[in-house]
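Read through the structure below, which is laid out as structure tokens, and then see the notes.
The values are calculated or read from the model by the stated rules, or taken from the named source; none is laboratory data. Remember, it's a predicted structure, so these values are computed and weren't measured experimentally. All Cβ positions, glycine included, derive from the backbone under ideal geometry; neighbour counts span all protein chains shown. Just the protein is used for accessible areas: all its heavy atoms, side chains included, with ligands, DNA and RNA removed. Shrake-Rupley method; radii C 1.70, N 1.55, O 1.52, S 1.80 Å.
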Amino acid sequence: MAAGEGRARARASVVRSYDVVERPDPTGPQGRTKLGLVWRVAGESDSEDDMSLSSEEASDDEVPENKAQVAWLDETRGPRERGISADDVHVDLEDVGALRVVDRQLLLGEVVAAADDPLGQTGVVAGVRREVDVRLSNGMVRRCVPTDALEPVLRFQADQYVLHSGWLGRVDFVEEAVTVRFVDGVVAELRGVSEGGLLLPQHEHDHLFREEYSCPFYPGQLVKFKSYSALHSARVRVLAGGAAVRALRGTVLSVVADELGVEWQVPATADPEKGPPPENVPPGECTQLTYHFFGPCYWHLGMRGLWRGGDASPNPSSNPASPSAASRAAGGGGRRRPRKRRGGAAAAAGGAPEPAITAQVLRTHTLVDVHWQDGREVRGAPATAHVPVEHLDDHDFWPEDFVEEKAVVDDLDEPGSAPPPLPRTGVVRRVKASARTAVVAWLAQAADGSLQALLPGEAGETVSVYSIMAHQDFSFQIADVIVALHGGRLLVHWGDGSESLIGPDKVFMLSREDDEPPEEDAPEDPPQAPGNLPRMEEAPPAGLGRWLQRRHAACGAAGDEGAGSEGGSGWRTASDSDNDGDSAAQPAAGAERATGAAGSRASGDAVAFVAACPHFDVIEGEPEGHMFAGAPHPAGTASAKAFQRTVLREWNTLRANLPPTIWVRAYESRMDLLRAAVAGAAGTPYHDQLFFFDIQLPPEYPGVPPLVQYHSWGMRANPNLYECGKVCLSLLNTWAGRNSEVWDPSSSTILQVLVSIQGLVLVPKPYFNEAGYEKQAGSGEGERNSLLYNESCFLVVCRSALHVLRRPPHPFGPLARAYYKAHGDALVCACRAYASGEARIGQDSGGASSGADAVRDAAGGVDRVLGEPDCDAGGPKTSEGFRLVLQQVLPRLEAALASL
């Protein structure tokens with residue numbers, strides 16, 4: 001990738017959806033700019049956005065690279081009562097380099113990086129303060145108004161939390177009562193007019209972003225019934241001016257919440273035996289919990305609310321840009337002639353009040369407080385100085401996170417072994433993101449089981465982020481909604497507006513503000529499916545294998561006791577003449593590559609066994625430990641003979657075409673079941689390892705794809721291979737695909753599935769297999785994340801190897817032991833190179849990869865990734881946190897290999 005292209009990608013990442021931007025206006029006077037809201041950027045679609053232009057001007061086409069779709073506001077019309085609407089918006093595709101971000105809509109708890117250092121450390125937004133420029137409904141403009149001066153038209157809204165008689169609940173729906181003064185002078189209260197669109201704005205595009213409003217009405221709005229049948233369908237209560245409503249048009253005087261539908265979730269202070277309040281309650285009986293704390297984040301460009309900022313009369317000093325204010329300042333009178341209203345006599349007779357003054361946001365000015373990973377707290381920084389971080393992993397932590405120890409090497413239930421100690425609970429003090437390490441202060445446990453408080457200056461222990469995990473019970477974050485049970489030490493903002501400290505073991509986290517309620521028929525623990533898989537255009541690189549050959553002698557001298565010694569492993573040297581071909585031509589690390597390594601101590605018998613092991617075989621007996629052994633046998637079905645013919649064809653295809661690094665076993669007693677062993681490829685985090693899969697052919701096969709489960713041992717080694725064993729692949733219809741990517745009953749086979757797993761899942765950069773992440777390929781952020789993901793992945797694979805070595809899936813025990821005996825030398829040597837920082841996971845040290853080039857181009861060198869001296873200058877090529885953990889895993893792995 002050219003340097004210019006890399007820099008363009010870096011600039012493109014600075015502009016995000018919902019940013020307020022400006023650019024010079026070529027149609028206006030010199031110096032005038034246009035203001036707009038970023039609608040979409042490259043890689044996003046309309047379906048991913050929560051908002052949609054009511055004018056429906058946004059294109060459904062994808063946004064091109066380095067472009068942004070911007071909704072520009074036309075501010076040339078001057079003040080007017082109706083304010084800005086979608087009629088004043090036009091949507092254009094703009095070059096991101098021509099846009100200047102003037103404000104950014106950051107939320108509490110959002111993870112951000114510095115805009116001038118997007119690949120550096122991250123922080124958590126701990127506070128948001130926003131001022132706004134607003135146009136009042138009387139035409140006045142006020143600048144830099146605190147959001148406290150505004151109030152939502154409806155204070156109670158769906159998904160907010162409320163308190164009622166000691167119970168905490170989540171608002172499911174709000175029914176509003178809309179008071180309207182019709183043109184014939186009748187004033188009436190309307191209910192149930194939002195559902196079905198009975199009452200509509202007179203101006204079709206009255207709102208700027210219609211989907212952002214839980215209530216489509218506001219005081220002073222001109223509305224109309226869409227028909228007389230709609231008028232008769234509404235629940236109408238006449239308040240003044242006549243006996244019945246006959247006109248269809250009118251002006252909204254007020255909007256109030258009339259009834260709340262609440263899902264009561266937990267008794268906060270009430271006796272749970274008394275039961276929750278009714279599902280439908282009057283708003284006056286509820287206390288709003290969340291708006292006070294999240295209020296500043298509520299307001300953004302184009303939104304309307306009630307004006308609570310005091311005097312709304314014309315004020316020249318506060319509104320110098322207003323033509324009417326300027327004329328009054330020049331002595332033009334100071335009083336305006338009141339407008340005549342239609343039906344004014346009738347309205348006056350009714351004595352109805354005038355609509356409340358509303359305010360519409362014209363511009364926002366946001367400041368944020370950020371807690372950075374290194375422990376610094378920066379307050380009042382411009383939001384534009386930060387960029388949201390969209391892609392996080394399980395090893396990202398921040399100060400004040402509650403964590404617990406994670407076993408670096410799983411307890412394998414060794415006979416006679418003592419039960420493992422309970423994991424410690426700690427609080428993160430600071431994180432060195434570049435090194436993948438964290439300083440953790442461990443919490444002591446009192447006699448009553450409660451956690452004791454930390455002293456302010458208490459030091460912590462430096463640990464690898466790979467050796468800790470987010471606490472399963474205390475995973476609190478800023479902006480979480482919790483309920484207290486006792487006193488303690490979390491800083492909590494309570495429903496009555498007070499704040500206090502409380503212990504993490506004394507509270508219950510109810511929900512996160514952005515959580516979606518579960519669907520009724522959603523499956524339990526639905527996995528997060530990755531996106532479309534990248535295609536392998538060529539065989540993986542074999543650079544690591546060549547490098548291992550060069551380094552093998554030094555590796556053996558560094559701490560090895562040598563082949564044949566009393567304390568050695570007993571591995572013997574294989575001759576170079578055993579190599580039957582070039583390893584670079586193979587798609588995976590086969591026996592040929594292992595036997596070609598100079599100075600290898602791999603057993604010649606093991607190499608010969610792996611080479612001679614049949615790649616396909618049918619075995620007798622029942623399948624042991626097969627994940628689909630309990631599935632119904634199709635032998636008793638009416639189509640059993642046709643099914644048998646189909647299976648026999650699959651067997652013949654596998655017997656004739658399996659590559660050298662895939663082995664399959666079928667069962668004579670269960671023709672519908674298979675078990676496969678797949679070798680990881682050279683140049684990937686999966687090199688020198690075996691992966692096992694259980695397969696079932698349903699009775700409808702090949703009309704439906706096979707069922708495949710991965711032997712995961714509870715760990716996730718790939719975005720497509722889940723902890724639960726699910727294999728996410730479009731060919732299996734477990735992820736969306738099209739054309740040849742999905743299962744075709746007329747041509748798809750088990751062989752195709754297995755080769756796809758090896759070639760499209762166990763790839764050099766598995767990070768990009770995650771949904772949507774392929775768009776990061778080639779960018780500095782993406783390549784940085786890919787390098788770090790490979791570290792995490794390799795640790796998981798090594799831990800999985802310990803399980804395989806101790807308890808290999810039947811009947812692959814002999815193959816697994818021979819394979820690891822043949823490949824153990826290369827695997828251990830690679831681990832030592834990784835643990836010392838001499839090599840990057842799966843890559844040759846002789847040259848930088850294209851991914852490293854991208855990182856260097858965007859961020860000034862690979863040291864921006866690892867936080868250490870540049871790799872080309874001899875610095876470590878793996879992170880400190882990775883090396884700390886691998887140095888703990890390696891002795892167990894060496895001992896397991898030596899016992900073969």
Just grab the label-to-label distance for ARG129 and ALA629, each label 7 Å out from Cα along the Cβ direction, in nm (one decimal).
-> 6.6
Tell me which lysines have Cα within less than 24 Å of LYS34's Cα, excluding those fewer than 8 residues away on the same chain?
-> LYS67
Please give the solvent-accessible surface of TRP713 in Å², to the nearest 10, using a probe radius of 1.4 Å with every protein chain present.
-> 80
Which whole-number percentage describes the relative contact order of the range 674-778, with Cα contacts under 8 Å and a sequence gap of 6 or more?
-> 22
To the nearest 10 square angstrom, how much accessible area does TYR228 have with a 1.4 angstrom probe?
-> 120
Accessible-area ranking of MET715, MET671, largest first, probe 1.4 Å | MET671, MET715
If r is the Cβ-Cβ distance from SER740 to ALA158 and R0 is 45 Å, what FRET efficiency results, to the nearest 0.05?
-> 0.55
For GLN160, distant residues with modelled amide H under 5 Å away | VAL171
Which length gain, in nm to one decimal place, applies between ASP92 and ARG143 when the Cα-Cα distance is subtracted from 0.36 nm times their residue separation?
-> 15.6 nm
Assuming R0 = 30 Å, can you tell me the calculated FRET efficiency for the pair LYS775 and ASP117, based on Cβ-Cβ distance, to the nearest 0.05?
-> 0.90
Which whole-number percent is the relative contact order of the range 114-228 (Cα, under 8 Å, 6+ apart)?
-> 15
For the pair ARG308 and LYS226, the simple spin-label estimate (label points 7 Å beyond Cα toward Cβ) gives in nm 3.3
Could you work out how far apart the two model spin labels at SER899 and GLU62 are, taking each label as a point 7 Å from the Cα in the direction of the beta carbon, and quote it in nm?
-> 5.0
Where in the range 181-204 does the amide nitrogen come within less than 16 Å of the point 7 Å from the Cα of ARG246, taken along Cα to Cβ?
-> 182-188
Residue separation between ALA407 and CYS613 times 0.36 nm, minus their alpha-carbon distance, gives in nm 70.6 nm
Assuming R0 = 45 Å, can you tell me the calculated FRET efficiency for the pair LEU200 and VAL266, based on Cβ-Cβ distance, to the nearest 0.05?
-> 0.70
Sorted by average packing, counted as other Cβ atoms within 10 angstrom per residue and highest first, what order do 364-373, 606-615 take?
-> 364-373, 606-615
On full extension of the chain, what length is gained from ARG807 through SER450, given 0.36 nm per residue of separation minus the C-alpha to C-alpha distance?
-> 124.6 nm
